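Read the structure below first, then the notes.
The values are calculated or read from the model by the stated rules, or taken from the named source; none is laboratory data. As the structure is a prediction and not an experimental result, all values here were calculated from the model. Here the Cβ is made from the backbone with ideal geometry for all residues, glycine too, and neighbour counts use every protein chain on show. These area figures cover heavy atoms from the full protein model, side chains too; ligands, DNA and RNA do not enter into them. Shrake-Rupley method; radii C 1.70, N 1.55, O 1.52, S 1.80 Å.
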Amino acid sequence: MEPAGKTAPGTDAHTAPGTDAQTAPKTAGDGGRARRRLPRVDGLRGRLLITVVVVALISAVTATALAYRESREAVLKRAQNAAVDDFRSRVEQLVPELDVPTDPRSMARFASKVSSGMRGSLVVVQYRDFTVGSDPSADRTRITPELRVAVRAHTQVSLQRVLYAGKPWLVLGAPVGLGSPSGSGASAQSSGVEIFAVVSLAEEERDTAELVRSVQGGLVPVVLLAAVLALLAARTVLRPVRRLARATRRLATGELSIRVEEKGHDELAELAHTFNETAGTLEHTVGELREQEALARRFVADVSHELRTPLAAMTMVSSVLEEDADQLTPDTAHAARTVSAETAKLARLVDDLIEISRFDARAVALTVHELDVAEAIRATLAARGWTDRVEADLHPGIRARLDRRRLDVIVANLVGNALRHGAPPVTVTVRAADGLLTLSVADHGPGLPPEAARHVFDRFYKADSARARSEGSGLGMAIALENARLHGGTIEIEPQAPGTGAVFTLRLPLRTDSAS
């Protein structure tokens, strides 16, 4: 008898998924635990490590599942073939001893002899309405209707794998034929006797499970090895990235000559090459800009110094002409006074340009002395004839270490700006508190619009016609702010309601000889 190869799809379909499902939850659980650990690791190193470990884990689990499926199928196939061969040979050997028609006693003896030669099998013999076997329950529980139909339809051995009580079983069935030496075949005459053997596959299942456990035991070393390899790979990849990051930080601090080493021909080497090209271009561009800036400063300084001598002569001549203007004709007198005024403006502009160029060249130094602040401010107002036009609220006894000339420049620019562009009364207030000297200059004019307030300290800035600033050069407030910063202080515009005037506040550290 040859195996018919007929398998009931319903029963076998329940068998394979039921067995494989025992491994699937463990795999999912391992993957879930790995994913729950992901948020604890951040950064490029962590992401690379996690990626490699997860890939290794998935590969190992997949390989384990495939190995389990293939090994299980191979073991069961081998056990199945061995059982079929054994069952067929036993039946063929004992068929001549079976009398047909038969009785229950002969059936039981025939079943016992077939069962005694097969390992761990239960044999059931059925003839008409009689069913005899070594385990009567096997007929009801493990021999399915599908298998009975296959046995009646074929003259060969039919088989089916089933699950019973959570264990795998192989059920074999064949009709017992008469009239041929083998007891079966196309020429054999059917005797009406059907014989079934239920063979346990528990031992094969244990062998397969043991193989899977041994493979699963190798998952931990594989994952650890993957983690070590990932760390080594991350170190190899991140070392040039860290060097590039350090070089970028140094480049940001102004070290334009910094370069990184280019190794290999991969993407990291290309990135290093791009960084070096960028740094080189930036160094060249910044160098050109610095040279141009130095040339511009030198040009302004040189022109300003060269203009001083002719301006001094022009100022002297224009002063003489202005003094004698009353003796000249009206047109000539007007021209003389205009030349004198414009020459004075040009002289102030040249002085301001020279001062700004000194600040740009960082060639300015403070000459500090301890002085009475109120007295210094009164002297500034008196020297310019502003005593009657400015209300001074000066607390006496405030002393600080300041450069008197530069304080004079600051106060003159702030007060002069308020007198030219604001409206009376203009007030100067001086206070000292919390280690700060505070000087405020306020006017009662229309105030500064927001756009003008943002640019009032810019060089050569002039507001619109509402705050006509064409009388000045546009450098006074910038020079005042530079002098304040030279003392370690600042000048700020205090927020005011529209139409209530502008308030400029100078804040300087209050240092005295006793404090120092």
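Structure summary
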| item | result |
| --- | --- |
| Sole residue being out of contact with any Cys (no Cβ under 9 Å at 6 or more places or on another chain) and closer than 30 Å to Val222 by Cβ, chosen from Arg90, Arg69 | Arg69 |
| Number of positions in segment 352-363 that are loosely packed, with under 14 Cβ neighbours inside 10 Å and either touching a His at 6+ places or on another chain (Cβ under 8 Å) or without any contact (Cβ under 8 Å) to a residue 12 or more places away in the chain (or both) | 2 |
| Residue satisfying all of: in segment 81-127; among the hydroxyl-bearing types (Ser, Thr, Tyr) and either touching a strand residue (DSSP E or B) at 6+ places or on another chain (Cβ under 8 Å) or part of a loop (DSSP other than H, G, I, E, B) (or both); nearest to Gln160 (Cα to Cα) among these | Ser121 |
| Which listed residue, of Leu311, Leu349, is more than 23 Å from Tyr461 (Cα to Cα), open to solvent by less than 90 Å² (accessible area, probe 1.4 Å) and part of a helix (DSSP H, G or I) | Leu311 |
| Residue identified as basic (Lys, Arg), without any contact (Cβ under 8 Å) to a residue 12 or more places away in the chain and in a helix (DSSP H, G or I) among Arg297, Arg290 | Arg290 |
| Unmet criterion (only one of (1) at pLDDT below 80; (2) open to solvent by 30 Å² or more (accessible area, probe 1.4 Å)) for Ser71 | (2) |
| Residue within segment 364-373 that is surrounded by 16 or more Cβ atoms within 10 Å (Cβ to Cβ), within 59 Å of the chain's Cα centre (by Cα), assigned to a helix (DSSP H, G or I) and at pLDDT 90 or above present | yes |
| Subset of segment 426-435 (residues that are surrounded by fewer than 13 Cβ atoms within 10 Å (Cβ to Cβ) and touching a residue at least 24 places away in the same chain (Cβ under 8 Å)) | Gly435 |
| Condition check for Gly385: farther than 20 Å from Leu508 by Cα and without any contact (Cβ under 8 Å) to a residue 40 or more places away in the chain | yes |
| Selected residue (only one of Arg399, Arg420 is over 12 Å from Arg511 (Cα atoms) and among the basic types (Lys, Arg)) | Arg420 |
| Close pairs (9 angstrom Cβ cut-off, 6 or more residues apart or separate chains): farther than 24 Å from Glu391 by Cβ and open to solvent by 40 Å² or more (accessible area, probe 1.4 Å) in segment 442-453, at pLDDT below 85 and of a type in the set (A, V, I, L, M) anywhere | Pro449/Ala463; Pro449/Ala466; Glu451/Ala463 |
| Single match in Arg378, Arg348, Arg337 (criterion: among the charged types (D, E, K, R) and over 30 Å from Leu394 (Cα atoms)) | Arg337 |
| Some residue of segment 198-211 being in contact (Cβ under 8 Å) with a residue 60 or more places away in the chain and in contact with a Gly (Cβ under 7 Å, 6 or more places away or on another chain) | yes |
| Any hit, segment 235-242, residues being loosely packed, with under 14 Cβ neighbours inside 10 Å, out of contact with any Asp or Glu (no Cβ under 7 Å at 6 or more places or on another chain) and over 17 Å from Leu48 (Cβ atoms) | no |
| Filtered residues of segment 122-152 (kept if over 13 Å from Val193 (Cβ atoms) and either modelled with pLDDT under 75 or open to solvent by 70 Å² or more (accessible area, probe 1.4 Å) (or both)) | Ser134, Asp135, Pro136, Ser137, Ala138, Asp139, Arg140, Thr141, Pro145, Glu146, Val149 |
| Residue check, Leu414 out of contact with any Ser or Thr (no Cβ under 8 Å at 6 or more places or on another chain), open to solvent by less than 80 Å² (accessible area, probe 1.4 Å) and within 18 Å of Phe457 (Cα to Cα) | yes |
| Failed item in (1) at pLDDT below 90; (2) over 25 Å from Asp351 (Cβ atoms); (3) outside any helix (DSSP H, G or I); (4) open to solvent by 60 Å² or more (accessible area, probe 1.4 Å), with Thr512 passing the rest | (4) |
| Condition broken by Leu256, with the remaining ones in (1) open to solvent by 50 Å² or more (accessible area, probe 1.4 Å); (2) within 29 Å of the chain's Cα centre (by Cα) satisfied | (1) |
